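The values are calculated or read from the model by the stated rules, or taken from the named source; none is laboratory data. In this text the structure is predicted, and so the values were computed from the model without any measurement. Cβ sites come from the backbone with ideal geometry, for glycine too, and all protein chains shown count toward neighbours. Accessible surface areas use protein heavy atoms only, side chains included; no ligands, DNA or RNA. Shrake-Rupley method; radii C 1.70, N 1.55, O 1.52, S 1.80 Å.
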Amino acid sequence: MTGLSLYDKLWNSHVVHTQDDDTSLIYIDRHLVHEVTSPQAFESLRLAGRAPWRKASVLAVPDHNVPTKDRDKEIADPISRKQLQALDENCNFFALQKFEMNDPRQGIVHVIGPEQGASLPGMTIVCGDSHTSTHGALAALAFGIGTSEVEHVLATQCLLLRKTKSMRVNIHGVLAKGVYSKDIVLALIANIGTAGGNGHTIEFCGEAIESLSIEARMTICNMSIEAGARAGVIGVDDKTIEYIAGRPFAPKNAMWDAAVKSWRQLVSDDDASFDSTVDLDASQLSPQVSWGTSPEMVVPVDGMVPDPDTESNATKAEGMRNALAYMGLTPGQAINQIKVDKVFIGSCTNSRIEDLREAAKVVQGKQLASNVKLGMIVPGSGLVKRQAEQEGLDQIFKAAGFEWRDPGCSMCLGMNADQLESGERCASTSNRNFEGRQGQGGRTHLVSPAMATAAGIAGHFDDARKYFN
């Protein structure tokens, strides 16, 4: 009998019923809720006279629309204000646990889940947000759902799903100083494409993954969705257990001992089979920079903007030309000569304390370049912000000319006031660089936190490795 993969184990332990068409009813352990995809779901629930099936499974937090400064003032944008008010009203009506905007525990939903121990190994975790895959770093089956599915989970605690294929991504070697998990996942997407993981759940493994912290693993799983995957997962090891221990929602005492014993089984068996396998050598990686309007349009910082005329696939070449026109770049242009207007460090991809520490190492004792209009540091949660301030990181950033903000999704997608103006170019630690992602006409380049701050100091993209020599 063939062994089971981590994905097999997670799936099998949550099947309530399998139908003749191979769709299965899957039980959901944790439902994370924010203000954008929940209002219609709650309204439908109310109109149908239903109540949430298991209220204790729900944890709500405002993040997409919250302002990152001047929180004592009324929110100017009427849509943002209405969505935040709706979350308040719905959570109060249904008596659901929610972190208020000014609660120190408030933050980006994919930061606060693991931070609170609300995301645990072996769980199925859903949220009306595609980057729910982040929580897979804790050996959880975590994925985004749509508004109708949000309602379905609230009402039934289950979802009707079809099992995906499985992909193993082996990341070999050891990262050089100044190269990060963000560079791993960007290089992977550049390699397999944004459709490379379509129809798959990806398990990340190998020496490089084992050496990463849990927070760095979250960055990897966060962007597995950008490779087209349904979810990304990483098996349990000692680092997983140590990360969870003592967190508010984590099991205690005898339940902790029983949980750890169970969690230790959440790794793929040695003889587990996968539908496909990809290998990547992390030791050969340089810091990565996206140049286009898709997360697969990525090259090393010491590389050049590619030429569509060298691309044999006509459709892909046309996409490259469109991206170059939007981004205002020319083929053969050196990446490290591209100037930036703004720097954004934040998002569910790279806003944790380790991210801020690495960014601060580059910034310390330096100043934002004169051509950089704005540098923003947006911690992923109030607790991350507090810890950074205790460590003096906020003072390092502010001394360099960066703005130190309150937690939220911020300029990752620009649903609040934090947006790029048309034509502005941003070094961003977020996860998507689509046209208009950070503001209509804005130009987004995806990089690691160290690379973002290096760009801010130099005024153009610069190799973060030299700041660590």
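Things to note:
- Among the residues of segment 61-83, the ones that are touching a Lys or Arg at 6+ places or on another chain (Cβ under 9 Å) and surrounded by fewer than 21 Cβ atoms within 10 Å (Cβ to Cβ) come to 3 in all.
- The single condition from (1) aromatic (Phe, Trp, Tyr); (2) surrounded by fewer than 20 Cβ atoms within 10 Å (Cβ to Cβ); (3) out of contact with any strand residue (DSSP E or B) (no Cβ under 9 Å at 6 or more places or on another chain) that Tyr467 fails is (2).
- Filter result for Ser80 (among the hydroxyl-bearing types (Ser, Thr, Tyr) and modelled with pLDDT under 95): yes
- Test: residue in segment 235-243 that is in a loop (DSSP other than H, G, I, E, B), farther than 26 Å from His460 by Cβ and touching a residue at least 60 places away in the same chain (Cβ under 8 Å): yes
- Of all the numbered requirements in (1) in contact with a helix residue (DSSP H, G or I) (Cβ under 6 Å, 6 or more places away or on another chain); (2) open to solvent by less than 10 Å² (accessible area, probe 1.4 Å); (3) of a type outside the set (S, T, N, Q), Val153 misses one, and that requirement is (1).
- Selected residue (criterion: farthest from Ile353 (Cα to Cα)) from residues of segment 193-215 that are of a type in the set (A, V, I, L, M, F, W, C) and surrounded by fewer than 22 Cβ atoms within 10 Å (Cβ to Cβ): Ala195
- Among the residues of segment 354-368, those identified as outside any helix (DSSP H, G or I) and either buried (at least 17 other Cβ atoms within 10 Å of the Cβ) or touching a strand residue (DSSP E or B) at 6+ places or on another chain (Cβ under 8 Å) (or both) are Lys366, Leu368.
- Residues within segment 12-48 that are open to solvent by 70 Å² or more (accessible area, probe 1.4 Å) and part of a loop (DSSP other than H, G, I, E, B), tallied: 5
- Subset of segment 300-321 (residues that are under 18 Å from Asn336 (Cβ atoms) and either assigned to a loop (DSSP other than H, G, I, E, B) or of a type in the set (A, V, I, L, M) (or both)): Val301, Asp302, Gly303, Met304, Val305, Pro306, Asp307
- The residues in segment 208-233 that are farther than 16 Å from Ser133 by Cα and touching a residue at least 60 places away in the same chain (Cβ under 8 Å) can be counted, and the count is 2.
- Taken over segment 322-353, residues that are touching a strand residue (DSSP E or B) at 6+ places or on another chain (Cβ under 6 Å), open to solvent by 10 Å² or more (accessible area, probe 1.4 Å) and part of a loop (DSSP other than H, G, I, E, B) amount to 2.
- Residue count, segment 270-299 (criterion: part of a loop (DSSP other than H, G, I, E, B) and either loosely packed, with under 15 Cβ neighbours inside 10 Å or of a type in the set (Phe, Trp, Tyr) (or both)): 6
- Of all residues making up segment 174-231, the number that are more than 18 Å from the chain's Cα centre (by Cα) and assigned to a helix (DSSP H, G or I): 6
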